[in-house]
1. For region 39-79, name all the residues that are of a type in the set (S, T, N, Q) and either more than 13 Å from LEU21 (Cα to Cα) or assigned to a loop (DSSP other than H, G, I, E, B) (or both).
2. Can you confirm whether region 26-42 contains a residue that is closer than 17 Å to THR72 by Cα, of a type outside the set (Val, Ile, Thr) and touching a helix residue (DSSP H, G or I) at 6+ places or on another chain (Cβ under 6 Å)?
3. Tell me yes or no: at least one residue of region 13-29 is part of a helix (DSSP H, G or I), at pLDDT 90 or above, surrounded by 11 or more Cβ atoms within 10 Å (Cβ to Cβ) and of a type in the set (Ser, Thr, Tyr).
Amino acid sequence: MGIFSNLSFRVQGTVTIGGLLLGTLLAWYALGAVRWDVFLKKADSPAASLLRLLLAILIGTGIAGFVVQYVTGASMMRS
């Protein structure tokens, strides 16, 4: 009975994918501030770029999950 209870599956899927992409972009932007040369041998290698992408996806999924749970919990408190 969360926020998605009255929406169609298409809209729910669009919002979910959009939230995941937005969370991943935010995480990618935040990971840009990290000095990767301190942690990695070859900070400019394709493997390092893949690592940054995977970390951004992992963190972005957490961000999107938090936002969805927060909005769902807030809507439950109102009803």
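The values are calculated or read from the model by the stated rules, or taken from the named source; none is laboratory data. Note that the structure is predicted; figures quoted are calculated from it, not measured. With ideal geometry, Cβ positions are generated from the backbone for all residues, glycine too; neighbour counts draw on all protein chains shown.
1. SER45, SER49, GLN69, THR72, SER75, SER79
2. No: region 26-42 contains no residue that is closer than 17 Å to THR72 by Cα, of a type outside the set (Val, Ile, Thr) and touching a helix residue (DSSP H, G or I) at 6+ places or on another chain (Cβ under 6 Å).
3. Scanning region 13-29 turns up at least one residue that is part of a helix (DSSP H, G or I), at pLDDT 90 or above, surrounded by 11 or more Cβ atoms within 10 Å (Cβ to Cβ) and of a type in the set (Ser, Thr, Tyr).
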